[in-house]
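The values are calculated or read from the model by the stated rules, or taken from the named source; none is laboratory data. Just so we're clear, the structure is a prediction, and the values are computed from it rather than from any experiment. So basically every Cβ, Gly included, is an ideal-geometry build from the backbone, and we count neighbours across all protein chains shown. What goes into the accessible areas is simple: the full protein's heavy atoms, side chains included, and nothing from ligands, DNA or RNA. Shrake-Rupley method; radii C 1.70, N 1.55, O 1.52, S 1.80 Å.
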Amino acid sequence: MARYLPIMLDCEGQPCVVIGGGVVAERKVSGLLEAGAAVKVISPSLTDPLDSLAEKGLLIWMDRTYAPGDLRGAFLVYAATNDRAVNEEVARESRQLGIHVNVASHAEAGNFITPGVVRRGRLTVAVSTSGAGPLAATKIKNVLEKALDAAYEPYLDFVHAMRTRIKEKEPSAEVRGRLLRKLGALDVLNEMSMGTFIAWSPEDMDAWIAQQRVE
């Protein structure tokens, strides 16, 4: 069984190449665009959704089959055609160029996989079954989507705002650590889930910091 290192990769503005224009490529492109990547798709045909993205200028489409040299300068590569031999050729060139590649037809030919993802604003949860299959990953993802309700998005925005405020207002690392631990103990997430939370103003935040600083 392959053992993968889970990481969160910053793809903002990075050139990423997807070889293939079918429904699998569609999923890969969707994830890349969500991460802010600069996407190029190389394929003689596209699904309607991919064609629409190309028309809107959200990706670059090269209307032809893959050719050696297409991967130069890429940050990431996805081999997502329905031709195993082409995918293997893409993987081979990627390895020669030192570029990380995902191979849709058989993951073992590449060196990274794309997990199922659940997003709630700042929260990102990735699900991988290490080859057990996409159906199993989807089932687990559905469980997580139900467990992680919509309250997590405003909750993490609140925690981020408070953490930033504490760092701005408190010069002592020791006191900051104590305040952050107290922040983590607040029952804000439950209040947000129940709809009883009242948003804090900057003044409310400062008052809480001042009060907790002396306790």
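Can you spot a residue in segment 166-177 that is surrounded by 12 or more Cβ atoms within 10 Å (Cβ to Cβ) and within 18 Å of the chain's Cα centre (by Cα)?
no
Considering only segment 32-65, state which residues are open to solvent by less than 30 Å² (accessible area, probe 1.4 Å), closer than 26 Å to Arg95 by Cβ and part of a loop (DSSP other than H, G, I, E, B).
Once the filter is applied, which keeps residues that are open to solvent by less than 30 Å² (accessible area, probe 1.4 Å), closer than 26 Å to Arg95 by Cβ and part of a loop (DSSP other than H, G, I, E, B), segment 32-65 yields Gly36, Ala37, Ser43, Leu59.
Of all residues in segment 66-93, which are surrounded by 13 or more Cβ atoms within 10 Å (Cβ to Cβ), of a type outside the set (Val, Ile, Thr), under 24 Å from the mean Cα position of the chain (by Cα) and in a loop (DSSP other than H, G, I, E, B)?
Leu71, Ala74, Phe75, Ala80
Among the residues of segment 114-165 satisfying the criterion of being of a type in the set (Asp, Glu) and under 16 Å from the mean Cα position of the chain (by Cα), which is least open to solvent (accessible area, probe 1.4 Å)?
The qualifying residue least open to solvent (accessible area, probe 1.4 Å) is Glu145.
Among (1) farther than 30 Å from Leu183 by Cα; (2) open to solvent by less than 60 Å² (accessible area, probe 1.4 Å), which single condition is Gln96 missing?
(2)
Pairs needed: first member in segment 40-62, closer than 20 Å to Leu76 by Cα and touching a residue at least 24 places away in the same chain (Cβ under 8 Å); second member anywhere, among the aromatic types (Phe, Trp, Tyr) and in a loop (DSSP other than H, G, I, E, B); C-beta distance under 8 Å; at least 6 residues apart or different chains.
Listed by first residue and then by second, the contacts come to Ile42/Tyr66.
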